[in-house]
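Novice: If you scroll down you'll find the structure; I have some questions about it.
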Amino acid sequence: MKQTKTNAIRLLEQNEKPYTLFSYPVSDGKIDGQSVARKINKPEHVVYKTLVAQGKSGAIYVALIPVNEELHLKKLQKVTAEKKVNMLLAKQLHDVTNYVRGGCSPIGMKKPYPTFIDSQAAQLDTIVVNAGKVGLQMELRLSDLVEAANAQFAELTI
């Protein structure tokens, strides 16, 4: 079966960045990060979920945190210098990113948004993130993710 190429996959290939794909079944409806980590047989601390938030200013921000952690909105507010930050509604996600809930990659979004990776990731060599489609994850070098998403590290979790 031929694998559909997502924007994230195309961008990595254009920039000759190696990655490994992991597909997993979604028919059971379990697409939360912890279930995904189990399905692809990876430890939760290396599998990161992509969260999208909007500041009071209207600016969009992307936060990557381990699947077994929670985003601390006040920490995201601090790093973005926003007075208030709220999670983007699932129904807004596609219009803003070109991705859907459960299939949102930090690479290849509609526009480049300020992207922050939880500082815990700094100790990892490789990281697993969504590849741009529900049921598809990718593992890549952390340095390649930082470059591809133009990301910076910040303390984001509770």
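The values are calculated or read from the model by the stated rules, or taken from the named source; none is laboratory data. As the structure is a prediction and not an experimental result, all values here were calculated from the model. Here Cβ is always computed from backbone atoms with ideal geometry, including for glycine, and neighbour counts include all displayed protein chains. SASA here: full protein model, heavy atoms, side chains in, ligands and nucleic acids out. Shrake-Rupley method; radii C 1.70, N 1.55, O 1.52, S 1.80 Å.
Novice: Sort 69-76, 128-135, 13-20, 112-119 by the packing proxy (mean of other Cβ within 10 Å over each peptide's residues), most packed first. Don't skip to the end; give the middle numbers.
Specialist: Details: 69-76: 16.6, 128-135: 23.8, 13-20: 12.1, 112-119: 19.0.
Ranked by mean Cβ neighbours within 10 Å, highest first: 128-135, 112-119, 69-76, 13-20.
Novice: Additional query: Within a Cβ distance under 12 Å of LEU88, other residues only, what is the Lys/Arg minus Asp/Glu net charge?
Specialist: Here the count lands on +1.
Novice: From the Cα gyration tensor of the stretch 52-152, with a ≥ b ≥ c the square roots of its eigenvalues, which class applies: rounded if a/c is under 1.5, or else prolate if a/b is larger than b/c, or else oblate?
Specialist: oblate
Novice: Take the residue pairs LYS17/LYS84; LYS17/LYS78; LYS5/LYS91 and return only those whose Cα atoms are more than 30 Å apart.
Specialist: In this structure, LYS17/LYS84; LYS17/LYS78 lie more than 30 Å apart at Cα.
Novice: A further question follows. Accessible area per residue, 1.4 Å probe, Å², for the chain: what's the number?
Specialist: Per-residue accessible area for the chain comes out at 54 Å².
Novice: Still on this model: Check HIS72: other-chain or 5+ apart residues with amide H under 5 Å from its amide H, H built from backbone geometry?
Specialist: Excluding prolines and chain starts, which carry no amide H, the hits are THR157, ILE158.
Novice: To continue, here is another question. Which entries in the list LYS42/LYS75; LYS49/LYS74; LYS75/LYS111 go over 25 Å, if you measure between the two C-alpha atoms of each?
Specialist: In this structure, LYS42/LYS75 lie more than 25 Å apart at Cα.
Novice: To continue, here is another question. For every helix of n ≥ 4 consecutive DSSP H residues, a contribution of -39,500 (n - 2.57) applies; sum these over the chain, divide by its total residues, and give [θ] at 222 nm rounded to the nearest 500 deg cm²/dmol.
Specialist: So the helix-based figure for the chain works out to -6500 deg cm²/dmol.
Novice: Which distance in Å, rounded to a whole number, links the C-alpha centroids of the stretch 51-74 and the stretch 121-158?
Specialist: Here the two parts' Cα centres lie 14 Å apart.
Novice: Further question: Toward the positive end of the charge dipole of the chain, about the Cα centre and with charges on Cβ (Lys, Arg +1; Asp, Glu -1), which of GLY55, ILE40, PHE116 goes farthest?
Specialist: GLY55
Novice: Below 10 angstrom from the Cβ of PHE22, what's the summed charge of the other residues (Lys, Arg +1; Asp, Glu -1)?
Specialist: +1
Novice: Of all GluC sites (Glu not before Pro) in the stretch 74-158, which ones are in loop regions per DSSP and have a Cβ with at most 14 other Cβ atoms within 10 Å?
Specialist: Loop-located and lightly packed - GLU155.
Novice: Hey, any idea what % of the chain's accessible area is carbon plus sulfur with a 1.4 Å probe?
Specialist: So the carbon and sulfur contribution to the accessible surface is 49 percent.
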